[in-house]
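Working notes, structure below.
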Amino acid sequence: MDIKIKVKEVLANLLKVKIEELKDEVSLINSIGVDSTEMVESVIALEKSFGVKLSPKEITKNSTINDIVNNIQPKLSTE
Amino acid sequence: MEKIAITGIGVVSPSGIGKRQFWANLKSGRSFIKKITRFDASLYPAHIAGQIDDLEKYSHISERLLKKIDAFSHMALVASEMALQDAGIDIKNEDPSLVGIFLGNAIGGWLYAETELRDLYLEGREGVSPYMASAWFPAAPQGQVSIYYGIKGFSKTVVSDRASSSMALGYARKVLAKNKLNMILAGGMEAPVTPYALLCCNTYGALSKNNNNPQGAYRPFDKQRSGFVIGEGAGIVVMESIPRAQERGANILGVISGYGTTCDGADRINCASDGKELARAINMALSDAKVNPEEIGYISLDGLAVDLWDNSEIAALKLVFGNNLKNIPLSCPKSMFGNLLGASGALDMIIALLTMEHGLVAPTLNLEAPVLNNLNYVAGEAREYKVSKSLIISRGRGGINSVLVVEKNGGKK
């Protein structure tokens with residue numbers, strides 16, 4: 001499955017928002033008003049879903065969907 | 001101290017959600033105590049309660065928020081919305097720094113807490129929701145309601161067992177009387193119908209074990225009393241100064257005119273048997289309200305349905321009201337829906353407001369053979385009384401006494 005689609009599905013399902021609300025180039029704080037606790041939960045969910053280690057410093061409220069995909073992609077090929 | 005107006009009521013209870021449904025059920029004298037169905041409670045010594053099963057129908061809270069909060073915060077959010085609507089207040093038009101929230105709670109949000117603690121031991125730390133830390137503790141509803149409405153004024157959560165919400169109302173009045181805020185959402189919420197909370201309530205030892213007759217189990221002041229029954233819910237009101245309420249043309253449902261609180265200082269669990277400190281709290285509240293005992297037209301009883309507590313409550317009332325006590329209607333309507341612990345005082349005050357509005361005292365259920373026969377208990381069915389001043393008694397574990405005096409339209413008949 002396309003990584004971007006999967007990231008959106010994980011976040012939409014976890015945060016109970018619509019997939020359309022998650023914009024490729026808009027930060028999570030600006031698109032869905034994500035809070036810090038939701039970010040902790042999101043990082044854990046993405047780690048479980050993709051089987052990679054992610055740092056809360058790398059993925060923050062200011063990350064866009066594209067930022068998250070770019071963070072996960074290289075780890076998938078190495079881990 | 002200055003009288004403070006109540007201009008909106010929000011109620012979430014086993015006897016109904018919203019003040020109309022709540023009052024319709026109360027005046028009909030119908031019991032809402034049932035066997036607990038939320039989980040298998042059959043092995044608990046006491047497994048009956050006043051339970052709310054249809055909160056979602058009245059809720060506008062998003063799924064996204066619901067997963068972060070416990071049921072007691074959800075109840076507080078629904079009750080707050082109803083109170084604001086009833087008061088005709090759009091909080092967006094208020095100065096948020098001059099709006100406060102004062103809530104009472106006794107035990108916290110255990111449904112959330114115990115589920116996550118289970119996951120901690122089953123799955124390790126990664127199994128625990130990050131919302132756990134902000135969902136379970138007694139001040140969580142205050143936080144959630146303040147975030148939801150953008151409330152930024154001085155606010156408090158009072159934790160004082162069953163007297164919590166009565167104290168929150170008394171405290172809120174004090175803050176408004178000092179002109180520190182424009183308005184306050186005040187009251188309390190409790191959600192004890194969970195496996196662990198029910199266990200703790202059972203351990204307390206004061207619950208009725210009459211599981212085979214849920215509707216007849218809670219019988220305050222009756223010779224056959226065997227303890228109280230827990231219930232869940234929230235009662236929240238809008239409080240503001242009388243001039244402000246008049247200026248904006250609000251419907252003043254009643255005013256809080258007096259408050260008194262004392263401690264028995266006698267035992268870790270029990271109250272003192274002589275009722276003297278409760279009597280002192282009642283006198284403080286009456287004096288604060290500048291109301292003579294003979295002016296009180298309705299007394300809302302705490303009514304724990306435990307010998308020591310009921311007897312000391314009546315002893316206190318006799319100390320204050322003397323021979324006139326037999327002329328004042330007394331009732332404990334929570335016998336219909338359960339004791340909402342930290343939210344019980346707020347519900348009792350809301351009932352007193354509705355009593356004064358409708359000229360009808362809601363009954364105490366199951367009071368068939370009073371321990372003391374010469375008092376004016378309103379038992380079995382509602383009775384008409386024109387009431388302009390009410391006294392509301394709340395008591396907590398170890399002998400915490402909290403008493404409110406509320407009046408109809410400033411006490412004018």
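Bear in mind that the values in this text are calculations on the coordinates, not laboratory data. Every value quoted in this text rests on a predicted model; they were computed, and no experiment measured them. Heads up, the Cβs are rebuilt from the backbone with ideal geometry, glycines too, and the neighbour counts pull from every protein chain shown.
With label points built 7 Å along Cα→Cβ from the Cα atoms of B:ASP53 and B:ARG268, find their separation and express it in nm.
About 3.9 nm, to one decimal.
For segment B:31-74 and segment A:4-79, what is the separation of their C-alpha centers, rounded to whole Å?
Each part reduced to its Cα centre gives a spacing of 33 Å.
How do B:400-407, B:362-369, B:308-315 rank on mean C-beta neighbours within 10 Å, highest first?
The densest-packed peptide leads the list: B:400-407, B:362-369, B:308-315.
Across segment A:3-78, how large is the tail of the calculated P(r) beyond 19 Å, expressed as a percent of all Cα pairs?
The answer is 21 percent, as a whole percent.
Tell me what chain B gives for mean residue ellipticity at 222 nm when only DSSP H runs of n ≥ 4 count, each as -39,500 (n - 2.57), the sum divided by the residue total, rounded to 500 deg cm²/dmol.
-10000 deg cm²/dmol
Just to confirm the number: angle between the C-alpha axis of helix A:36-50 and the first principal axis of chain A, 0 to 90 degrees, nearest 10?
Its long axis makes an angle of about 40 degrees.
How shielded is B:266-275 by partner chains, expressed as the average number of their Cβ atoms within 10 Å of its Cβ atoms?
Averaged over the peptide's residues, the number is 0.
Just report the Cα centroid separation between segment B:82-129 and segment B:244-287, whole Å.
Using only Cα atoms, the two centres lie 26 Å from each other.
Based solely on C-alpha atoms, express the radius of gyration and the Dmax of the protein assembly as shown in angstrom.
Just the Cα atoms of the protein assembly as shown yield Rg and Dmax of 24.5, 87 Å.
Any idea what diffusion coefficient chain B gets from Stokes-Einstein, in µm²/s, Kirkwood Rh on alpha carbon pairs, 37 °C, 0.692 mPa s?
158 µm²/s
What are the trypsin sites (Lys or Arg not before Pro) within segment B:224-256 that DSSP puts in a loop, where the Cβ has at most 16 other Cβ atoms within 10 Å?
Taking segment B:224-256 and a limit of 16 other Cβ atoms within 10 Å, the loop trypsin sites (Lys or Arg not before Pro) found are B:ARG248.
Using Cα atoms only, what is the angle between the long axis of helix A:65-78 and the major principal axis of chain A, expressed in degrees (0 to 90) to the nearest 10?
10 degrees
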